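The values are calculated or read from the model by the stated rules, or taken from the named source; none is laboratory data. These numbers were taken from a predicted model, which means no experiment stands behind them. Cβ sites come from the backbone with ideal geometry, for glycine too, and all protein chains shown count toward neighbours. Just so you know, the surface numbers come from the protein's heavy atoms only, side chains and all, with ligands and any DNA or RNA stripped out. Shrake-Rupley method; radii C 1.70, N 1.55, O 1.52, S 1.80 Å.
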Amino acid sequence: MAPVFQLPLNVGQIDDVQELKKARKTKVPDRFVRDMAERPILGTIRAPLLSSSIPVIDLKKLMKGNKEEFHFEILKLSASCEEWGFFQVINHEIELDLLEKIEKMAMEFFMLPVEEKQKYPMAPGTVQGYGQAFVFSEHQKLDWCNMFALGLVPHSIRNPKLWPTNPPMFSETVEAYSRDIRKLCEDLLKFIALSLRLDENIFEEMFGVSVQAIRMNYYPACPRPDLVLGLSPHSDGSALTVLQQGKGNAVGLHVLKNDTWVPVQPVENALVINIGDTIEVLTNGRYKSSEHRAVTHKEKDRLSIVTFYAPSYDVEIGPIQKLVDDENNPSKYRRYNHGEYSRHYVTNKLQGKKTLDFAKIPPK
Ligand SMILES: O=C(O)CCC(=O)C(=O)O
Ligand SMILES: [Fe+2]
């Protein structure tokens, strides 16, 4: 996420979806109703079968496995990043207590009265605070989602006015959680580098003090899940994203693979990892930042806690020389400043992978 800045915007009326839910109306307001082409097709038989193929990576085998286990897991990692841009990681060594605690904090926050949450408003055109991000016009369709987002690292992207004092342990829990998730991202990036036959420290050295932000997404049950989206299709602007799904929640995350929306079945205690646009660019498209979306459920609510890990804003990004070959695999992306890309990302609505056009070199 880029530094906070404001734009003169008219975004129209943005209803709070939790308040709509409380009003028990069966009709969904027009601003949430998607055009036919965007509406999700839910409950197909084929999709759950497909989703079982979203790879599960065992971090223990990468950290402490024998040579054979390590080699096998690295190959699996490489295949997941190439084919899916997504995987789930188990044995990640983050205390389950901490995962439960952050989930509890997030839920407590979302359950506060709306007036309390609105003390931390997300200003239009920014992505920190409580509300709906990525809304830029009064004509834009809205997502069936409430968000609460905070910049974490470096300190300069923090806005202390947006850190709630209620629930009481909120800040402490977020700090502990973000430290552990940061370590996980650092480890994963090392293994991702090795899977590309690069020096294991290449990303860390290139990224400087990596930017880290957290976004909690709450999707209340919706009377018409067939008409709305929880979160519009998009790829993430990060290098890596770590997503924690609420325990026992309904399936809600969908990944686009071969033009099919594949639901991600939660794996107990696993974290979902996805490749962001930055790694796609750095690997010249070999590792994919896949398009994904969230859908809602008629009876069940859903929570996701999402960490975005990205290079420092002053870093220049472009395909890594070793992964480019002028004859057979020329650069697909130009070089650019990552801060500029972040700004571009947060000032455009979520629309599939369109944001990455910013960096694409048109094919000759
Ligand atoms: O809630 C989800 O499962 C998806 C969240 C997501 O993609 C995001 O916050 O970028
Ligand atoms: Fe995302």
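Structure data summary
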{"item": "Charged-residue dipole, Cβ positions (Lys, Arg, Asp, Glu), region 13-103 about Cα centre, Debye nearest 20", "result": "500 debye"}
{"item": "Within region 196-267: Cβ-based charge dipole about Cα centre, in debye rounded to nearest 20 (Lys, Arg +1; Asp, Glu -1)", "result": "420 debye"}
{"item": "Label point distance in nm, Gln321-Asp357, each placed 7 Å from Cα along Cα→Cβ", "result": "3.3 nm"}
{"item": "Dipole in debye (nearest 20) - the chain, about Cα centre, beta carbon charges: Lys, Arg +1; Asp, Glu -1", "result": "960 debye"}
{"item": "Relative contact order (percent, whole number), region 240-309, Cα cutoff 8 Å, 6+ residue spacing", "result": "49 percent"}
{"item": "Protection-proxy order for peptides 209-220, 309-320, 104-115, each taking the mean of Cβ atoms within 10 Å per residue, highest first", "result": "209-220, 309-320, 104-115"}
{"item": "Label-point separation in nm, Lys183 to Asn329, each point 7 Å along Cα→Cβ", "result": "3.3 nm"}
{"item": "Theoretical ellipticity at 222 nm over the chain - DSSP helices of four or more residues, -39500 (n - 2.57) apiece, nearest 500", "result": "-8000 deg cm²/dmol"}
{"item": "Paramagnetic label zone (point 7 Å from Cα along Cα-to-C-beta, Leu112; backbone N under 19 Å) in region 156-195", "result": "158-178"}
{"item": "Overall form of the chain per C-alpha gyration tensor (a/c, 1.5; a/b vs b/c)", "result": "rounded"}
{"item": "Carbon and sulfur %, accessible surface of the chain computed with the full protein complex present, 1.4 Å", "result": "52 percent"}
{"item": "Solvent-accessible area per residue for the chain (1.4 angstrom probe, square angstrom)", "result": "46 Å²"}
{"item": "Taking the chain and dividing mean pair separation by its residue count, relative contact order in percent (alpha carbons under 8 Å, at least six apart)", "result": "22 percent"}
{"item": "Computed label-point distance, nm, for sites Lys247 and Met36 using a 7 Å Cα→Cβ extension", "result": "4.5 nm"}
